[in-house]
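Okay, structure first, notes after.
Read-outs throughout are calculated quantities, based only on the coordinates presented, and are distinct from any laboratory measurement. The model shown is predicted, which means the values in this text are computed figures rather than measured ones. So basically every Cβ, Gly included, is an ideal-geometry build from the backbone, and we count neighbours across all protein chains shown.
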Amino acid sequence: MVIEYIYKGFKISYNVTTTAHSKTTFKADGALTYLLNMPENFPPQKFHTEDNSYNGAEHEIRKLLENYIDFELKNFYDMKKETAS
């Protein structure tokens, strides 16, 4: 089942499943897409993580995706401040 939600103007979607080689390892694949028109410099991204529990894999993929968004937005606005100065 794919989970989708909006976070700071990005659509986040991820899926957690068991790995093919082990039923006790869970893999999470996630992607994010910027939904707003401006700025246009956020290309779609994909992420992957694994954990020994479903909840752990879900927590890690959400953390990866949200931390990436926070980092990219901070960098974008920091650069915008520098060019405005």
Next on the checklist: All but one of (1) assigned to a helix (DSSP H, G or I); (2) under 17 Å from the mean Cα position of the chain (by Cα); (3) among the hydrophobic types (A, V, I, L, M, F, W, C) hold for residue 79; state the number of the condition that does not hold.
Outcome noted: (2)
Checklist entry - Which condition number in (1) surrounded by 10 or more Cβ atoms within 10 Å (Cβ to Cβ); (2) in contact (Cβ under 8 Å) with a residue 12 or more places away in the chain is the one that residue 24 fails? => result (1)
Next on the checklist: Condition first: surrounded by fewer than 13 Cβ atoms within 10 Å (Cβ to Cβ) and β-branched (Val, Ile, Thr). Can you find one or more residues in segment 76-84 that meet it?
Outcome noted: yes
Item to check | Filter result for the condition that a residue is of a type in the set (Asp, Glu), in contact with an Asp or Glu (Cβ under 8 Å, 6 or more places away or on another chain) and surrounded by 15 or more Cβ atoms within 10 Å (Cβ to Cβ), over 66, 60, 72 | outcome: 60
Item to check | Hey, residue 55 assigned to a helix (DSSP H, G or I) and either without any contact (Cβ under 8 Å) to a residue 12 or more places away in the chain or not hydroxyl-bearing (Ser, Thr, Tyr) (or both) or not | outcome: yes
Checklist entry - Of the numbered conditions (1) over 25 Å from residue 80 (Cα atoms); (2) crowded, with 17+ Cβ neighbours inside 10 Å, residue 12 satisfies every one except a single condition; which is it? => result (1)
